1. Nearest 20 debye, what's the magnitude of the dipole of the chain about its Cα centre given +1 on Lys and Arg Cβ and -1 on Asp and Glu Cβ?
2. With the cut-off at 30 Å, tell me which of the pairs K315/K351; K7/K120; K120/K361; K12/K315; K90/K351 have Cα atoms farther apart than that.
3. Using the 2.2 N^0.38 Å rule of thumb for compact globular proteins, work out how the chain stacks up: its C-alpha Rg over that value, please.
4. Could you let me know the centre-to-centre spacing of the range 120-178 and the range 73-88, using Cα atoms, in angstrom?
5. Could you compute the net charge surrounding G320? Neighbours are other residues with a C-beta less than 15 Å from the C-beta of G320; K and R count +1, D and E count -1.
6. How about the range 236-281: which trypsin sites (Lys or Arg not before Pro) there are in a DSSP loop, with at most 13 other Cβ atoms within 10 Å of their Cβ?
7. With the calculation restricted to Cα positions, what are the radius of gyration and Dmax of the range 227-361 in angstrom?
8. Could you give the size of the charge dipole of the range 156-285 about its Cα centre, using +1 on the Cβ of each K and R and -1 on the Cβ of each D and E, expressed in debye and rounded to the nearest 20?
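Please treat every number below as a calculation from the coordinates, not as lab data. A quick note: this is a predicted structure, and the numbers were derived from the prediction, not measured. Virtual Cβ from ideal backbone geometry, glycine too; neighbours counted across all protein chains shown.
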Amino acid sequence: MGAHHGKLEIRKDPFGTTPDGKKVDVYTFGNGRVTISMLTWGATIQRVETPDRRGRVANISLGFDNLPDYAALSPYFGATIGRYGNRIAKGKFSIDGTSYQIPVNNGENALHGGPLGFDKKVWSAKTVQTSKAVGVAFTYVSPDGEMGFPGELTTTVTYTLDRDDNLRIDYHATVKGKPTIVNLTNHVYLNLAGEGSGPIDDQVLQLNAPKYTPVDAGLIPTGEIAPVAGTPFDFTKPTPIGARLRGDHPQLVVGRGYDHNFVLSTKTDPDGLRLAARAWDPEHGRTVTVRTDEPGVQFYSGNFLDGTFLGIGNKAYRQGDAFCLETQHFPDSPNQPNFPSTVLRPGQTYKSTTVYTFGTK
Ligand code: GLA
């Protein structure tokens, strides 16, 4: 699929009001081919509309059409995740000898920044429009001590779409007062056949990951960095997601499917990003490519979707109806000395970029 030259457009509409009276907007931006809707609630990707190989447009991102459902039901659909993506064992960590406690919200562990993470905050928003791209810069200031994290963290995440169907996410954060830990990601759930269209078993995935980080029963990494070769975690060659999903590998049983951090190949492209993943739907031909400068990606096969609520298209979401590719530093890094550090100190800048490219084949 080559470049195309639709007009870059953006609009803003009211989406709802939080119980404490904060207004939430939806920004819709597009290039004439791909259209993205994003909420100021959680800096959330609400819709990703892309054509299939015959030009039929569908929303390939799981979500809701109203704010109360996001607030009450959303398992992080499309949300910007912070201050710390994925798990911290028992919610505990220490920096420079000082211990901190994040309230736990996933069994005995803290997940995705604790019970009131960045996904449940109203972010301020500014439209970004250049000759090449259009989108929104979202900013959230997290006070010192919020969810137990030290230091006042100012985070800006800029989502832009260009004419070549690249949705680029630029993360930027600085901390004041105390050192902290940061691990930002986006939790978009994709179904390349369209949200609500059924399981993603036949959708094909390739991960640029020779290794992964096995987990314990609470989905905390054991610390081991294991080769994927010879296991159902080997996606180095394109493989249907469902091909080995029901196998007896203990790690698949523990995760109820794939819910693991994959360690990306360190080879980078000239722009500093590396290929993390490619996925496509052989039936309709939609493709997505994920590139990042992060060392890992959480591949999650929608294991906890259980049909208990209806999504944006009024269809129930059931187990395995979507997949997530969450670029990240490794889970529980603050407690794992052999994982790359997630500490951010005053005076330093956290910067990270992930690009999702939507196409057809
Ligand atoms: C991440 C976690 C999963 C699950 C989902 C949201 O992918 O690793 O275990 O919590 O978020 O439900």
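1. Values: 37 positive and 36 negative charges, 130 e Å.
For the chain, the charge dipole is close to 620 debye.
2. Values: K315/K351 37 Å; K7/K120 32 Å; K120/K361 36 Å; K12/K315 26 Å; K90/K351 27 Å.
Result: K315/K351; K7/K120; K120/K361 exceed 30 Å.
3. On the way: Rg = 19.1 Å, N = 361, 2.2 N^0.38 = 20.6 Å.
Dividing the Cα radius of gyration by 2.2 N^0.38 Å gives 0.93.
4. When both Cα centres are located, 14 Å separates them.
5. On the way: positive: R244, R246, R256, K315, R318; negative: E195, D201, D202, D259, D281, D306, D321.
Summing Lys and Arg as +1 and Asp and Glu as -1 gives -2.
6. Details: sites: R244, R246, R256, K267, R274, R278; in loops: R244, R246, R256, K267.
Of the trypsin sites (Lys or Arg not before Pro), the ones in loops of the range 236-281 whose Cβ has at most 13 other Cβ atoms within 10 Å are R246, K267.
7. 16.7, 50
8. Details: 12 positive and 16 negative charges, 100 e Å.
Dipole of the range 156-285, to the nearest 20 debye: 480 debye.
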